[in-house]
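In what follows, a structure is listed as structure tokens, so that the remarks can point back to it.
The values are calculated or read from the model by the stated rules, or taken from the named source; none is laboratory data. Given the structure is predicted, the values throughout are model-derived calculations rather than measurements. Here the Cβ positions follow ideal geometry from the backbone for every residue, glycine too, while neighbour counts run over all protein chains shown.
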């Protein structure tokens, strides 16, 4: 019985633990949601045919977030998207490039940032054009915001949508003047198409390259490629390579291209710029000036100067200085004989490097100069060492066995002892309970056997008495009732005892 009670207590304890863990999980899940998506501004009044911009933002509300994916829905009967721009976005990586569908009235995007952020930040900027009067709504259909917690927990809590009032009055926006030569006046069009000439000129292009990743770094190659996305309304572009950040492109591509390959014939060593601009129905847009730093030439050859020490026991001093006219010297790496390379900065090289801890003999010293593009030039010189230096003798420190019994080690030993004691105690308790269960099974089997023997003998005796009684020619009513009562009592007693024995066997399985 003690074993049964203990098992019941263990089951109740396990159920309570499971309920507590589930409750904590539900609480943690409830409090994890925090981030919101916003469309800013949330309201406004515009005229039919007018364009305006809305910013899609994420507000983590104190949580650290680094990935957001969403789909926005807008009233396609009253609004149409002109452009979705990533300029100024907190994201530098895009799992789903910003796309839109004016027929379906949707805007989709998905991006991430290598650096988590916890303040309100801009994801993208959408340029809308009003196409019909009425109240137009821009809302978030579905979204997820993943926390930078190593688990990718979705902390998206909801959105703040926007509603814009559109009047029937058509208010054309003034055309923004551009510095380029004005285009010839277009041919007269039907009055119904006049509204498409209103809007904004294109934004500056965004060109990326898998070779020239960072505009501030130097690269030792001229072969690469730039790619960009063409907005739907762009019908031409200008592109050139220039040496000034103020230059304007003149080479026009109509129809527009979507990539540009560089080579030795296009680029030269030094700092230059990829300049681009788009053109739409309004005119030429802003100009992109993408810096390019190219250095394919190694540093100039240089000499290593060896200056002897002031005393016989002094080591020599090495001085060296390389020159690179394009990107400059970033660092030096020096090896003495077959030792590991030692990195030296240009400032340290000017002051000189003092050799030391070398046995007497002649060593070959090699110095490699690296420029900022990774090009290198090597110089070497033999150096004679006569300082008489000898390596110190290695001494084996003798440690006492009592040092092992420090405070930290004692705590660890005590904890390990407690854990070992608990494990042994648990094993002994388990064996004790197992022995009790085996003994109980044995006793139950013996009880069953004895009960079967007793009931068999009792049944035979009762049946013999009943037969003796029933052989009499006449039985009274009470004698008949007594005989029937004995039959029923015998059957009920045997059934109940067999049931109890069966229950005990079932528990001990």
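Would it be correct to say that residue 260 is under 29 Å from residue 138 (Cβ atoms), at pLDDT 95 or above and outside any loop (DSSP other than H, G, I, E, B)? For residue 260, the condition - under 29 Å from residue 138 (Cβ atoms), at pLDDT 95 or above and outside any loop (DSSP other than H, G, I, E, B) - is not met.
Among the criteria (1) within 40 Å of the chain's Cα centre (by Cα); (2) closer than 16 Å to residue 307 by Cβ, the one residue 385 does not fulfil is (1). Only one of the numbered conditions (1) surrounded by 12 or more Cβ atoms within 10 Å (Cβ to Cβ); (2) at pLDDT 80 or above; (3) in a loop (DSSP other than H, G, I, E, B) is not met by residue 180, and that is (2).
Kindly indicate whether residue 143 is surrounded by 17 or more Cβ atoms within 10 Å (Cβ to Cβ), at pLDDT 80 or above, in the same structural domain as residue 110 (by TED's automatic domain parsing) and not in a loop (DSSP other than H, G, I, E, B). Taking the combined requirement at face value, the residue satisfies it. Do you know which residues across the range 479-509 are part of a loop (DSSP other than H, G, I, E, B) and touching a residue at least 60 places away in the same chain (Cβ under 8 Å)? Listed by number, the list holds a single entry, 508. Tell me the residue from 127, 163, 96 that is modelled with pLDDT under 90, over 16 Å from residue 60 (Cα atoms) and in a strand (DSSP E or B), please. Selected residue: 96, the only one of 127, 163, 96 that is modelled with pLDDT under 90, over 16 Å from residue 60 (Cα atoms) and in a strand (DSSP E or B). The residues in the range 258-284 that are without any contact (Cβ under 8 Å) to a residue 60 or more places away in the chain and closer than 21 Å to residue 87 by Cβ can be counted, and the count is 5. Filtered by the rule that a residue be buried (at least 16 other Cβ atoms within 10 Å of the Cβ) and within 26 Å of residue 214 (Cβ to Cβ), the range 89-115 gives 89, 90, 91, 98, 109, 110, 111, 112, 113. Considering each residue of the range 457-478 in turn, none proves to be in a helix (DSSP H, G or I) and either under 21 Å from residue 504 (Cβ atoms) or in contact with a strand residue (DSSP E or B) (Cβ under 8 Å, 6 or more places away or on another chain) (or both). Could you please let me know if residue 446 is over 30 Å from residue 356 (Cβ atoms) and surrounded by 10 or more Cβ atoms within 10 Å (Cβ to Cβ)? It is true that residue 446 is over 30 Å from residue 356 (Cβ atoms) and surrounded by 10 or more Cβ atoms within 10 Å (Cβ to Cβ). Taken as a whole, the range 366-377 holds at least one residue that is farther than 30 Å from residue 268 by Cα and either at pLDDT 90 or above or not assigned by TED's automatic domain parsing to the domain that holds residue 269 (or both).
Got at least one residue in the range 289-306 being under 30 Å from residue 49 (Cα atoms), in contact (Cβ under 8 Å) with a residue 12 or more places away in the chain and surrounded by fewer than 17 Cβ atoms within 10 Å (Cβ to Cβ)? No, the conditions are met nowhere in the range 289-306. Of the residues making up the range 68-93, those that are assigned to a strand (DSSP E or B) and either at pLDDT 90 or above or under 24 Å from residue 132 (Cα atoms) (or both) number 14. Cβ separations smaller than 8 Å between residues 6+ apart or across chains give the following pairs from the range 242-253 residues that are under 11 Å from residue 287 (Cβ atoms) to residues that are in a loop (DSSP other than H, G, I, E, B): 242/249; 248/179; 248/180. Evaluated against (1) touching a helix residue (DSSP H, G or I) at 6+ places or on another chain (Cβ under 7 Å); (2) outside the structural domain of residue 252 (by TED's automatic domain parsing), residue 315 falls short on exactly one condition, (1). Scanning the range 321-354 for residues being in a loop (DSSP other than H, G, I, E, B) and either without any contact (Cβ under 8 Å) to a residue 40 or more places away in the chain or touching a helix residue (DSSP H, G or I) at 6+ places or on another chain (Cβ under 7 Å) (or both) gives a total of 9.
Apart from one condition, residue 323 fits all of (1) surrounded by 18 or more Cβ atoms within 10 Å (Cβ to Cβ); (2) modelled with pLDDT of 95 or more; the exception is (1). The set of residues from the range 105-120 being closer than 15 Å to residue 70 by Cα and either in contact with a helix residue (DSSP H, G or I) (Cβ under 6 Å, 6 or more places away or on another chain) or part of a strand (DSSP E or B) (or both) comprises 106, 107, 108, 109, 110, 111, 112.
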